[in-house]
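Working notes, beginning with the structure itself.
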Amino acid sequence: MSFEPSARIETVLQEERVFKPSSNVLGKYSISSFDQYQQLVDSAKSNPEKFWGDAALKELHWFKPFDIVLDWSNPPFARWFDGGKTNVSYNCLDRHVLNGLGDKIAIIWEGEPGEVRRITYKELLIEVCRTANALKSMGIKKGDLVALYMPMVPEAAIAMLACARIGAPHSVVFGGFSSEALRDRLNDGQAKAVITADGGFRKDKIISLKEAVDAALINNSCPTVKSVLIVKRTKTNIDFFPERDIWWHEIVPSQSIECLPEQMDSEDRLFVLYTSGSTGKPKGVVHSTSGYNLWAHLTFKWIFDVQKDEIYWCTADVGWITGHSYIVYGPLSNGATTVMYEGVPRPSNPGAFWEVIQKHKINIFYTAPTAIRAFMKSGRKIPDQYDLSSLRLLGTVGEPINPEAWMWYREIIGRNNCSIVDTWWQTETGGVMISPLPLATSTKPGSATFPLPGIQADVVNSQGETVQADQGGYLVIKKPWPGMMRTVHGDPKRFRETYWEYLEPIEGDLVYFAGDGARRDKDGYFWIMGRVDDVINVSGHRLGTMEIESALVSHDSVAEAAVVGKADEIKGESIVAFVTLETDNAPSEVLMNDLKKHVIKEIGVIAKPEEIRFTNSLPKTRSGKIMRRLLRSLASGEEVKGDISTLEDKNVLDELRK
Ligand code: WT7
């Protein structure tokens, strides 16, 4: 496995400020003091089976209770709640309607051009049943994978829940990915159908989703895909292929409003979601039914603790895990009101978020550090124009948040009256793993604080030994948890090697390696320091350097490419590509732009290199491995430090410095 210890995990940030937990709340909270948190931590540690078993029985509805809590006889392949039968859409809908919450608003949808839809739990259940029946009528059966490539419209959540209802795992592909990236995912997952829209509104433009689906499927390139279900959203003209295309509005509304939920085994797949790693193509992260449902449910309850009449808003896109766990499954499983927003802040509407908060009186707001840094840059005068007094809790996710941005979020958006929860987790973990609890944890700006109850997180060195306070190391999870990914779709070996065999077993047990560096301070607070592998995080979007390199190399003029991340004030990191050209090709501005376009075509606009530097050769070790550490220093204009004795040709550095 290619891995170079990164200098990044050695950085030590000095931060002494501490903020007490919230007192701005009234109501009934699941964890309301540090003592209570500590008791949960202790009981989870002393008897994990009882802790998780009790939680699963209490928080989820079971058609048939499980026989065993955890089967860890074949690590790292966990089986949670085996023998149990449940259905995630039942947990998110039916049980609330049966409990008298039918008229409560489940989803408030704020459409990009300004329209609003409010959907009650009862209405959502009806729409989900209709859609589930429509999928059945299209020939979708339990176990068939259904891909979603959609804008942020309620139909996206409805489609996810409809898939869950009939036991068809979904695979949501973010609408910003290109047709090529979509095709790879459809083929890897062997998708039977695609649910999409004619188009989506994005930053004052329309993105042609259906056209991208057509391009992905052209010439039978995805032979498993038999049908395409299309939501009419932008009224864009599309090509319609009657043998496989179906309009949502022509098939869904006429269906029966009843659809019995399929009784799913705990370990049946709920969804596959593709994410980038340090090697190879994106991997399909597999999540299962009960374990994921429980973890999304519990973490949402512990952290956000939405009270009876509160409104909660997470600004993510459903194409990412944050949208899965904290727009759809976590909030709905808890019977909360969740806001879904189709827009994004943009120069033509920099106050977009604050307007939505004011309009819907949002109480709990969850967004990404990159957004906060962008707002910070344009100054407090914009948020100051809005009434944000409904807010009581602010969350962040996706990348490390720098203390300045944390303080700004607290002071300017939270008016010093809201707790900040900096939540660390990953696609693979299903839900949040390390986070403050608003009523229990004293926070420090920039720290994700402590692991949630039941999560055995640690910071270790490459021998698996716990490092001392304030020493950098690898962030690991030492025990299985219900929301953990089950495998990489179609590649169990990769699952084992990437996550569980990266580090040596500790006391004979496999440990989960997250890919992040971290340190713990003298008070035990966790400080996440970012990826230590070849993954870069651009505006909270996770990209593998290898994927971008492969995209560049697939261009006719490119011989070799090496991609690194460079610190960026707003995006966290930006992409810098070092490129060597095939003979007979000369560097030029035109070629540079052409290469950027090529990457957009191969992966999507999120992977566009900020900078491309042409060079005659790349710095390599004698065994031919590209020395990214050197490129990282060069990209950020730093002097190259550390050992360069393994560098094959020292002249390369001089050339690159120029
Ligand atoms: C990677 C996972 C979890 C949903 C969004 C991203 C980084 C995530 C934090 C945080 C520092 C964070 C890590 C992680 N990350 N949250 N609070 N502080 N870093 O999911 O695309 O799977 O990316 O995002 O590097 O490994 P993802």
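Here is how the numbers come out for the structure above:
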quantity	calculated
Sole exception among (1) within 23 Å of Arg629 (Cβ to Cβ); (2) of a type outside the set (Asp, Glu); (3) within 15 Å of the ligand (Cβ to nearest atom) for Tyr512, by number	(1)
Residues of segment 466-514 satisfying the condition of being without any contact (Cβ under 8 Å) to a residue 12 or more places away in the chain and closer than 21 Å to Arg269 by Cα	Lys493
When residues of segment 556-598 are limited to those that are among the charged types (D, E, K, R) and in a loop (DSSP other than H, G, I, E, B), the one modelled with the lowest pLDDT	Asp584
Test: Val252 is in contact with a Ser or Thr (Cβ under 9 Å, 6 or more places away or on another chain), farther than 28 Å from Phe81 by Cα and in contact (Cβ under 8 Å) with a residue 60 or more places away in the chain	yes
Filtered residue count, segment 226-238, keeping only those that are assigned to a loop (DSSP other than H, G, I, E, B) and at negative phi	7
Residues of segment 539-557 satisfying the condition of being among the β-branched types (Val, Ile, Thr) and buried (at least 22 other Cβ atoms within 10 Å of the Cβ)	Thr545, Ile548
Of all residues in segment 492-509 being surrounded by fewer than 17 Cβ atoms within 10 Å (Cβ to Cβ) and in a loop (DSSP other than H, G, I, E, B), the one that is nearest to the ligand (Cβ to nearest atom)	Glu501
Residue in segment 154-170 that is touching an Asp or Glu at 6+ places or on another chain (Cβ under 9 Å), closer than 21 Å to Ile207 by Cα, modelled with pLDDT of 95 or more and of a type in the set (D, E, K, R) present	yes
The one condition in (1) of a type in the set (Ser, Thr, Tyr); (2) under 18 Å from Leu618 (Cα atoms); (3) away from the ligand (no atom under 16 Å from the Cβ) that Ser588 fails to fulfil	(2)
Selection count where residues are under 33 Å from the mean Cα position of the chain (by Cα), outside any loop (DSSP other than H, G, I, E, B) and exposed (fewer than 13 other Cβ atoms within 10 Å of the Cβ), scope segment 600-658	0
Unique residue being small (Gly, Ala, Ser), away from the ligand (no atom under 16 Å from the Cβ), more than 30 Å from Leu452 (Cβ to Cβ) and out of contact with any Pro (no Cβ under 6 Å at 6 or more places or on another chain) when the list is Ala561, Ala577, Ala607	Ala561
Boolean, Lys522 is in a strand (DSSP E or B), closer than 26 Å to Glu15 by Cα and among the basic types (Lys, Arg)	no
Residues being of a type outside the set (Phe, Trp, Tyr), closer than 25 Å to Lys479 by Cβ and in a strand (DSSP E or B) - total across segment 525-555	6
Gly517 at pLDDT 95 or above, within 12 Å of the ligand (Cβ to nearest atom) and out of contact with any strand residue (DSSP E or B) (no Cβ under 8 Å at 6 or more places or on another chain)	no
Per-region count, segment 239-293, residues assigned to a strand (DSSP E or B) and away from the ligand (no atom under 16 Å from the Cβ)	8
Long-range neighbours under 8 Å by Cβ, at least six apart or interchain, first residue without any contact (Cβ under 8 Å) to a residue 24 or more places away in the chain within segment 309-327, second more than 9 Å from the ligand (Cβ to nearest atom) and not in a helix (DSSP H, G or I)	none
Residue in segment 123-135 that is small (Gly, Ala, Ser) and surrounded by fewer than 18 Cβ atoms within 10 Å (Cβ to Cβ) present	no
Cβ-Cβ under 6 Å pairs, at least 6 apart or on other chains, segment 617-634 side under 17 Å from Thr279 (Cα atoms), far side surrounded by 20 or more Cβ atoms within 10 Å (Cβ to Cβ)	Ile626/Ala562; Ile626/Leu618; Met627/Pro619; Arg628/Val564
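The values are calculated or read from the model by the stated rules, or taken from the named source; none is laboratory data. As the structure is a computational prediction, the values presented were derived from the model and not from experiment. All Cβ positions, even for glycine, are placed from backbone atoms using ideal geometry, and neighbour counts span all protein chains on display.
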